[in-house]
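The structure under discussion appears below in the form of structure tokens.
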Amino acid sequence: MRSNIIRGVVASLLWGMLILCFFTMIRANGLMSTNLKLIKDGAVSPVQIQTERFVAETARGFVFNWATYNGDQQDYQNRLKPFGKGDSYTLGSNQKCNSVEVLEVSQEEDLYRVKLKANISRVTTIPDDQAHLMPRELVIKRESPLATVWKNTQETVEVTIKDQAIIGYPVLVPNTNPNMAETVLGNNTPPEGFATFGKQMIDLYFRGEDLSNYTEEEIPSLGGYVLKSCELTGYEDGKSLFKITITQAGEHPAVKDMEQYIFLEAQKTNKWQLIRLGAY
């Protein structure tokens, strides 16, 4: 009886791997056909495709390591160093990254913005009476009335790469097409009221509030987070960079004080109007 069960499990795994390989092959063939057609039509060159592939894989590897943290800060810094990030950075939660998928690569001259979806398992706290409904391997500890568990979630992030170097850190974004923006940013003194406007927009963005009263663009807000701190660190001609920390909303947040470096672009007519929020 036991041997039959084992054989059944092994057979299921083998069939699962074959199905996965089949769909992966179809996707790869589809991408290859698309790339060959673009080359034939003269829309892109082989060098452009190779560069975009390098950019996408660099961003994927960076996000995978950025989204994996087990509480060992030295290990975390060592894994980020190959991506040019040797400074101290706070992720804000204990979690492991299961996979990263590249959703889109957009280009403006030598600047690339990559949007990626990260599938994450994060240590979080839930009521104990909910824990018994979860698979045993996801439950870390049960101490009534609360339980510590692994909770699976997805986050969409944006990464910016320029001259094959990663600029800043991933920024959480909604799963929509990113808008493009100028890339030159100085450290000038902003006009009166700009810093206040920027902080208000970022606060609304992370809380998930409607931004349509402050912008003519279609800019969706993210939601689910509380802005804990916000500092304007760079400004030039309506383009700005803010260093912030966010905490997940709710009574028992799994993400606490995650650092974000978010780029904000605005223009002023009779008042400031938001143009873009996202990675640099």
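Quick notes on this structure:
- Qualifying residue in segment 88-95 (condition: part of a strand (DSSP E or B) and surrounded by 12 or more Cβ atoms within 10 Å (Cβ to Cβ)): yes
- In the set 103, 133, only one residue is part of a strand (DSSP E or B), among the hydrophobic types (A, V, I, L, M, F, W, C) and modelled with pLDDT under 95; that residue is 103.
- Residues that are closer than 20 Å to residue 150 by Cβ and in contact with a strand residue (DSSP E or B) (Cβ under 7 Å, 6 or more places away or on another chain) within segment 41-94 comprise 63, 64, 66, 67, 68, 69, 76, 91, 92, 93, 94, listed in sequence order.
- Test: residue in segment 253-264 that is in contact with a Cys (Cβ under 8 Å, 6 or more places away or on another chain) and either at positive phi or surrounded by 14 or more Cβ atoms within 10 Å (Cβ to Cβ) (or both): no
- Any hit, segment 52-72, residues being farther than 24 Å from residue 172 by Cβ and surrounded by fewer than 12 Cβ atoms within 10 Å (Cβ to Cβ): no
- Selected residue (only one of 85, 40 is modelled with pLDDT under 95 and assigned to a helix (DSSP H, G or I)): 40
- Checked against the criteria, residue 153 counts as at pLDDT below 95 and within 28 Å of residue 207 (Cβ to Cβ).
- Residue pairs whose Cβ atoms lie under 9 Å apart, separated by 6 or more positions or on different chains, with the first residue in segment 70-81 and closer than 14 Å to residue 95 by Cβ and the second charged (D, E, K, R), are 70/96.
- Condition met for residue 145 (in contact with an Asp or Glu (Cβ under 6 Å, 6 or more places away or on another chain) and either at pLDDT below 95 or in the same structural domain as residue 59 (by TED's automatic domain parsing) (or both)): yes
The values are calculated or read from the model by the stated rules, or taken from the named source; none is laboratory data. Owing to the predicted nature of the structure, the values given are computational and were not obtained by experimental measurement. Ideal geometry is used to build each Cβ from the backbone, glycine not excepted, and the neighbour counts take in all protein chains shown.
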